[in-house]
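Notes to accompany the following structure.
All of the numbers you see were taken from the coordinates with simple rules; none came from a lab. Everything quoted here is computed from the prediction, not taken from an experiment. Note: ideal-geometry Cβ built from the backbone for every residue, glycine included; neighbour counts use all protein chains shown.
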Amino acid sequence: MKTIILKVDNTVDDIGRYQQSVDMLKRGEVVAFPTETVYGLGAIATDEKSVAKIYEAKGRPADNPLIIHIGTEEEVGHYAKHISEKAKQLMKAFWPGPLTLVFDQVQNKIAPNALSGVETVGLRMPNHPVALQLLRLLKLPLAAPSANRSGKPSPTEAAHVEKDLQGCIPLILDGGQTGVGLESTVIDMTTTPPAILRPGGITKEMIEAVIGSVEVAHSLGKEETPRSPGMKYVHYAPEAPLFLIEANEDKVKQAVMNCHEKGQKVAIIGPNELKVAAADWYFAIGSNEKIEEMAMNLYKALRQCDGTDADLILAVETNVSGVGEAFMNRLHKAADGKRYKSFE
Ligand code: TXA
Ligand code: MG
């Protein structure tokens, strides 16, 4: 299969390019498109055969439900029931935007394989002109996970999608680099209080300012069934082993020296302020003072590590306030919990 890449400017009103995507989706194909968080791989969510192509292209385990993307608020009631006042307040405050709300599902609407057998449905209205234009022309919901091979960092540029899925999908809409850079916050609205299942660009503080206190569901052990099934897998991982390291210049320098003594090459992902000259590669992802900027550039840096021949990667920790919570959540997964220890 040849993969076509169509450039779509963020403000473009080139209906032809959208129509081509709409036609392709209606023929039962998958299409990759930009959202404000990461690129998604979309298929019409009510069509089981189309949805199956998402799992096939990504190599995604079938027990992990997909987020259903919609273009208008009216659609919420078609697919979800028991919509609380708090949920309405969150939609009003943060949609379109990087927040996925999990509701009880209206039966027999969304294809069962899109929801992997759960009784709930996660809905989100993305805040990206290309995604919104596509959804509003299509007038149907799109099931769309991140458009990466399962286990790889989510794509924040069309070139990342191309690298992972070229030859496996027919079309990529290229809308440039995505803004948030980490996936949406997922919140379960079926419990009291609501529970954040995955931290993201809409922070706990932002949510609590609107609806009062919420819970945070922590990742469970691999044996238990997590409330958000995606949380149990190693994710976002580059090829070389990745270790977390404290944001302390002396410790980072010491770690580089240790690696070099063992003949290992080391790549570092960290803030601009900590750039250590001795590292074989240093990917500076933004200022320590600007966690949003670091979040936006994290996945690209993880992918850039794959372009080096580093034997190991050190990722510098940040503090976990605001978007730092989502940032560290993703780094922990990429590291599979491993921290660098100097004297092993
Ligand atoms: O920003 C995003 O959310 C991106 C863009 C493309 O919209 N999408 C994305 O999808 O990250 P994905 O499939 O890579 O991650 C979806 C996450 C998984 O952790 C999944 O377990 C959880 O959301 N999820 C989806 N539906 C759920 C449901 N009904 N109940 C609990 N968790 C759900
Ligand atoms: Mg994903």
Original post:
Taking neighbour Cβ counts within 10 Å as the exposure measure, how do MET91, MET257 sort from fewest upward?
Top reply: MET257, MET91
**OP:** Mind running the shape call on the stretch 228-306? Use the C-alpha gyration tensor, a ≥ b ≥ c as the square roots of the eigenvalues: rounded below 1.5 for a/c, prolate if a/b tops b/c, oblate otherwise.
**Re:** oblate
**OP:** Using a/c under 1.5 as the rounded threshold, could you call the stretch 279-344 rounded, prolate or oblate? The axes a ≥ b ≥ c are square roots of the C-alpha gyration tensor eigenvalues, and prolate needs a/b larger than b/c, oblate otherwise.
**Re:** oblate
Original post:
Considering only ALA277, ILE313, HIS235, whose Cα is most displaced toward the positive end of the charge dipole of the chain, charges sitting on Cβ of Lys, Arg (+1) and Asp, Glu (-1)?
Top reply: HIS235
Original post:
Gain in length, LYS7 to GLU289, computed as 0.36 nm per residue apart minus the alpha-carbon separation, to one decimal in nm?
Top reply: 98.2 nm
Original post:
Classify the chain: rounded, prolate or oblate, from the alpha-carbon gyration tensor (a ≥ b ≥ c, eigenvalue square roots; a/c under 1.5 rounded; otherwise prolate if a/b is larger than b/c)?
Top reply: prolate
Original post:
Which entries of LYS163/LYS253; LYS2/LYS58; LYS152/LYS338; LYS265/LYS338 show an alpha-carbon separation above 22 angstrom in the structure shown?
Top reply: LYS163/LYS253
Subject >> Cα centroid separation, the stretch 92-122 to the stretch 148-186 (Å) >> reply: 21 Å
Original post:
Once amide H atoms are built 1.01 Å from N in the peptide plane, which residues 5 or more positions from LEU312, or in another chain, come under 5 Å H to H?
Top reply: LYS265, ALA267
**OP:** Starting from the stretch 287-327, pick out the trypsin sites (Lys or Arg not before Pro) whose DSSP state is loop and whose Cβ has at most 16 other Cβ atoms within 10 Å.
**Re:** LYS290
**OP:** Once you have all Cα-Cα distances for the stretch 1-144, histogram them in 5 Å bins from zero and send the whole-percent values.
**Re:** 2, 10, 21, 23, 21, 14, 7, 2, 0, 0
Original post:
Mind checking the dipole of the chain: about its Cα centre, +1 per Lys or Arg Cβ, -1 per Asp or Glu Cβ, Debye to the nearest 20?
Top reply: 580 debye
